[in-house]
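J.: Okay, handing you the structure first.
Every number here is computed from the coordinates shown, using simple stated rules; none is lab data. Note that the coordinates shown come from a computational prediction; the quantities given were computed from them, not determined experimentally. Neighbour counts are summed over all protein chains in view; Cβ atoms, including those assigned to glycine, are modelled from backbone coordinates with ideal geometry.
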Amino acid sequence: MIEVNSIGKRCPQPIIDVARAIGNIPMGESLVLLADDPATLPDLTAWSRMTGNGIKILSETNFLVTRQNQSGQVPH
Amino acid sequence: MVQVTRNFQSEAPLHVHAREVLLDAIDQGWSDPGKLSQSAARARILQGEALESISSHLKVPVDCLEVIGEGNLANHYAISGLLKNEFGFIHSAIDRKDVHAIARTQSHTTQLNVDLNGHIISTDQATEREIVLALQGGNIETGVIQPLADIARRFPHASIALDFTSCGPRLPLPELWASASFDATSWQGPSGIAFFAVGKQARWTNPLPHVDNTRAPRSYSLPLLLASSVALDAWIQEEISESSRLRLLSARVRKTIADSVSDCDIAGDLDSSMSHKTSISFLYVHGEELLRCLETKGFSVDSGSACTSANLQPSHVLAAMGVLTHGNIRITLHHGVSSEDVEALTQAIIESVAELRSQ
């Protein structure tokens, strides 16, 4: 499983990292995001609602992100 | 280089009428109203007139009203005067941080969560304890208005402490309240002057060490009180027409941005928000960079993003609502703002987000 390491990065970089990475995995597949910025949990939750992708909280800094949406804008 | 910065921050310059009065009041209202001299008598008359006028506009009996120099402190007095440690304390997740701080000192606290629109989620509270309920009228960050009467009905035995520091007289006081706090800046009055009210039936005791039976220190600035009273008079008159005009402008800002910018997250529904507040977050955009970009185009706005806060924490209000916290801006429309300036701000936001996303 792909691991996206955003430890030490400030918001919105962890969300940008996960948005870029999820475009590279097939529908229904998951990746793990590692991030310790305090905005990651609320922003990942909002990102999931806005983009239609799934998330599961594994720990405070560990998130399972599942691609459930075919399209979506990928940030530069 | 942009010469003029157009202000859409929550703070506004003192109302022009209040400014004139303030300068005059510094000459007229310097004496201690509690003394016997001629100047003190004049100060006492000015003080009494100002308090009568303010209490009439806020719909609070004048003998229930106290003046204090700080909005957050007014809120603290309003809440803490009702609380005892054995009481249950209930507040919402989007209350001011000061309310959360009070909650941390209490042994029996319940935090009410909110939905995506910022409204308190219904909850049944079966308890034998006496309850103090902190209830916010309008939220300073998002403008979200709570359905106060509905919530009050859910807690029929609670003593309700209303936080009206942000909404001021924009909202009517609900029928039942034990205490309430107000801030003059909410009606374009001066900063450094605030009010709290204690209902006649409320079991309220001064929460700070005190030497007599006064409910609050009397050390506030009389000139600021007089300026605050004049500002309220003028603001209430303007609000009659400005409220609906600002609502139309806010609706246009929301629609234009939602139609023009992908992946934006607008906090709360305008129908249940104060008409002059809009909070919008843009996915994949850095809040501080957006603020700087708008500033270079001549517009000042606020932000709830973590990168713009002193402690680098995201807005607890946006997080509790489930709204995106990064790339956030808060727009406040003050009385007298022109539709051309609002349109120019809207276009500047659209351009700035596109610029930052393309970098």
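J.: Once you have all Cα-Cα distances for the stretch B:64-112, histogram them in 10 Å bins from zero and send the whole-percent values.
T.: That works out to 25, 55, 21, in percent per bin.
J.: I need the semi-axes of the equivalent ellipsoid of the stretch A:2-64: take the C-alpha gyration tensor, multiply each eigenvalue by 5, square-root it, list largest first in whole angstrom.
T.: Those come to 16, 12, 11 Å.
J.: Could I ask something else about it? What do you get for the angle between helix B:71-80 and the principal long axis of chain B? Use alpha-carbon atoms, 0 to 90 degrees, nearest ten.
T.: On a 0 to 90 degree scale, this one is about 60.
J.: Oh, and also: For A:E29 and A:N5, FRET efficiency with R0 = 22 Å and r from the beta-carbon atoms, rounded to 0.05?
T.: 0.75
J.: Counting only Cα, what are the radius of gyration and maximum Cα-Cα distance Dmax of the stretch B:1-101, in Å?
T.: Cα only, the stretch B:1-101: 19.1, 60 Å (Rg, Dmax).
J.: The stretch B:16-234: D in µm²/s via Stokes-Einstein (Kirkwood Rh, Cα pairs, 4 °C, 1.567 mPa s)?
T.: My calculation gives 72 µm²/s for D.
J.: Which residues in the stretch B:202-223 place their backbone N less than 14 Å from a point set 7 Å from the Cα of B:D63 along the Cα-to-Cβ direction?
T.: B:202
J.: Follow-up question, since we're still on this one. Residue separation times 0.36 nm, minus the C-alpha to C-alpha distance between B:K84 and B:D32: what's the value? Working shown, then result.
T.: On the way: separation 52, 0.36 × 52 = 18.72 nm, distance 3.43 nm.
Difference between extended and current length: 15.3 nm.
J.: Can you tell me what the convex hull of the Cα atoms of the protein assembly as shown projects to on average, as an area in nm²? Provide the component values of the computation, followed by the final result.
T.: Numbers: hull surface 93.3 nm².
About 23.3 nm², averaged over all directions.
J.: Magnitude of the Cβ-charge dipole of the stretch B:75-206, K/R +1 and D/E -1, about the Cα centre, nearest 20 debye?
T.: Dipole about the Cα centre, nearest 20: 240 debye.
J.: B:F299's amide H: which non-local residues (gap 5+, or another chain) put their own amide H closer than 5 Å, with H modeled 1.01 Å from N in plane and none for Pro or chain starts?
T.: Long-range HN contacts for B:F299: B:R6.
J.: After finding the eigenvalues of the alpha carbon gyration tensor for the stretch B:182-298, what semi-axes result from the square roots of 5 times each, listed largest first in whole Å?
T.: Each semi-axis is √(5λ); the values are 38, 19, 17 Å.
J.: Please determine, in degrees from 0 to 90 and to the nearest 10, the orientation of helix A:13-22 with respect to the longest principal axis defined by the Cα atoms of chain A, where the helix direction is its Cα long axis.
T.: Between helix and principal axis, roughly 30 degrees.
J.: A further question on this structure: What are the ³J(HN,Hα) couplings of the stretch B:253-261, residue after residue, when phi is run through the Karplus curve with 6.51, -1.76, 1.60 and θ = phi - 60°? Round to Hz, x for glycine and proline.
T.: With coefficients 6.51, -1.76 and 1.60, one gets 4, 4, 5, 4, 5, 4, 6, 9, 10 Hz.
J.: Given a 10 angstrom Cα cut-off, can you work out which residue in B:Y77, B:Y284, B:Y220 is the most mobile in a GNM of chain B?
T.: Its mean-square fluctuation being the largest, the pick is B:Y284.
J.: Then there's this: Going 7 Å from the Cα of B:T105 toward and past its Cβ, which residues in the stretch B:216-247 have a backbone nitrogen under 16 Å from where you end up?
T.: B:216-217
J.: Considering every residue in B:262-272, what mean count of other chain Cβ atoms within 10 Å of its Cβ is obtained?
T.: Mean shielding count: 1.
J.: Report the calculated FRET efficiency for B:D271 and A:N69 (r = Cβ-Cβ distance, R0 = 41 Å), to the nearest 0.05.
T.: It comes out at approximately 0.90.
J.: Identify the residues of the stretch B:190-210 with backbone N under 17 Å of a label point that sits 7 angstrom from the Cα of B:L171 along the Cα-to-Cβ direction, or state none.
T.: B:195-197
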